[in-house]
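Colleague: Got a structure for you, questions after.
The values are calculated or read from the model by the stated rules, or taken from the named source; none is laboratory data. Here the structure is a predicted model, which is why all the values come from computation and not from measurement. Cβ coordinates were reconstructed from backbone atoms using ideal geometry, including for glycine residues, and neighbour counts include every protein chain displayed.
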Amino acid sequence: MLIAAALGGAAIGAIPGFLKGRFKINEIVVTMMLNFVMFWLVAFMIKEGGPFMNPGGRGESFELPPSAYAPLIMNVPYTVFLALGLAVLLYFVFAKTEIGYQIKAYGHSPAAARYAGISAFKIPLLVFAVGGALAGLAGYHYFAAVPGVYKIARNYGFFGDLAFSGIICGLISLGNPLAAIPVALLFGGLSIGGRFVQGKLQMGFGVDFALLGVLMITLVAFQFFYRYRIVWARPGEKTADAGGTGWNSSLEA
């Protein structure tokens, strides 16, 4: 199941990678459309008459047999430790290997990467295939490793929102796989805790998402001040860093 989930995710992820590398098609548009395709494919599989239908006719899949449950380590699904191990592996790949350098170079400037001889086809294909494999493993975790669930639940469409949270976590952690771990735990805890508080205080629907959105915007916006600084200067005055700007203020990289 673990291998099938990774291979299935990699096959789907390779589609936008191929289109990006071969035809320069925008990957955001392709992946958003693929999300809808896969959403309705899952809906077809678990609906009445579908191969994964729940015997009770509910809008969810059958429950996984206990013999196929993912093992628990200290009452924690082993997939959690697998995710931590993959984060360490990705950090090593980006920091110590040639392919990691090529991926980072292509991400910073595709034109410069092509000029340096880095394949503009293989890198997007590889990155999206690996990303799809990781997404497939996340799907395996939700289906086979979450205690008390062990099925494709009715609200499975909610899991698609996790992709947007993942993008934000990647931006906040500046692409560092190890830094993404505490950021992901922060947003995961806030998401679950926000829903709990929302129910306890009988708050309106969506308050938790609104608070998470404000926090995400704040953290991403502060990266602006990490990368730039505001330098105040009189017209014609030279500063130690920016030189003569001719403006009352300037943004300096």
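Conditions tested, residue by residue: (1) surrounded by fewer than 12 Cβ atoms within 10 Å (Cβ to Cβ); (2) over 20 Å from the mean Cα position of the chain (by Cα); (3) closer than 30 Å to VAL127 by Cα.
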| site | (1), (2), (3) |
| --- | --- |
| SER191 | no, no, yes |
| GLY194 | no, yes, no |
| GLN198 | no, yes, no |
| LEU201 | yes, yes, no |
| ASP208 | no, no, no |
| GLY213 | no, no, yes |
| ILE217 | yes, no, yes |
| ARG229 | no, yes, no |
| PRO235 | yes, yes, no |
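Colleague: Which numbered condition trips up LEU84, out of (1) at pLDDT 95 or above; (2) farther than 26 Å from PRO182 by Cβ?
Modeller: Every condition holds for LEU84 apart from (2).
Colleague: I'd like to check something: does segment 167-177 contain any residue that is under 30 Å from LEU64 (Cβ atoms) and hydrophobic (A, V, I, L, M, F, W, C)? Break it down stepwise before answering.
Modeller: Applying the first criterion (under 30 Å from LEU64 (Cβ atoms)) to segment 167-177 yields 167, 169, 177.
Now restrict to residues that are hydrophobic (A, V, I, L, M, F, W, C): 167, 169.
Checked against the condition, which is being under 30 Å from LEU64 (Cβ atoms) and hydrophobic (A, V, I, L, M, F, W, C), segment 167-177 yields at least one hit.
Colleague: Need the failing condition index for VAL231 against (1) outside the structural domain of ILE167 (by TED's automatic domain parsing); (2) in a helix (DSSP H, G or I), just the number.
Modeller: (2)
Colleague: Continuing with this model, one more query. For segment 210-225, name all the residues that are modelled with pLDDT of 80 or more and more than 16 Å from GLY188 (Cβ to Cβ).
Modeller: Matches in segment 210-225: ALA210, VAL214, ILE217, THR218, ALA221, PHE222.
Colleague: Could you tell me whether SER173 is among the small types (Gly, Ala, Ser), at pLDDT 75 or above and touching a Leu at 6+ places or on another chain (Cβ under 8 Å)?
Modeller: On the way: among the small types (Gly, Ala, Ser): yes; at pLDDT 75 or above: yes; touching a Leu at 6+ places or on another chain (Cβ under 8 Å): no.
It is false that SER173 is among the small types (Gly, Ala, Ser), at pLDDT 75 or above and touching a Leu at 6+ places or on another chain (Cβ under 8 Å).
Colleague: How many residues does segment 73-98 contain that are surrounded by 13 or more Cβ atoms within 10 Å (Cβ to Cβ), farther than 21 Å from LEU171 by Cα and not polar (S, T, N, Q)?
Modeller: 4
Colleague: Taking ALA70 as the residue in question, decide whether it is surrounded by 11 or more Cβ atoms within 10 Å (Cβ to Cβ), more than 30 Å from SER119 (Cα to Cα) and touching a residue at least 24 places away in the same chain (Cβ under 8 Å). Steps first, answer last, please.
Modeller: Details: surrounded by 11 or more Cβ atoms within 10 Å (Cβ to Cβ): yes; more than 30 Å from SER119 (Cα to Cα): yes; touching a residue at least 24 places away in the same chain (Cβ under 8 Å): yes.
Yes.
Residues checked against (1) at pLDDT 95 or above; (2) within 18 Å of PHE36 (Cα to Cα); (3) not in a helix (DSSP H, G or I):
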position: ILE99; (1), (2), (3): yes, no, no
position: ALA113; (1), (2), (3): no, no, no
position: ALA120; (1), (2), (3): no, no, yes
position: PRO124; (1), (2), (3): yes, no, no
position: VAL127; (1), (2), (3): yes, no, no
position: VAL149; (1), (2), (3): no, no, yes
position: ARG154; (1), (2), (3): no, yes, yes
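Colleague: Got a number for residues in segment 136-154 being closer than 15 Å to VAL76 by Cβ and in contact (Cβ under 8 Å) with a residue 60 or more places away in the chain?
Modeller: 5
Colleague: May I pose another question? Return the pair list, or none, for Cβ contacts closer than 7 Å from residues in segment 208-232 that are over 29 Å from ILE192 (Cβ atoms) to residues that are acidic (Asp, Glu), at least 6 apart or on different chains.
Modeller: TYR228/GLU252; ARG229/GLU252; VAL231/ASP241; VAL231/GLU252
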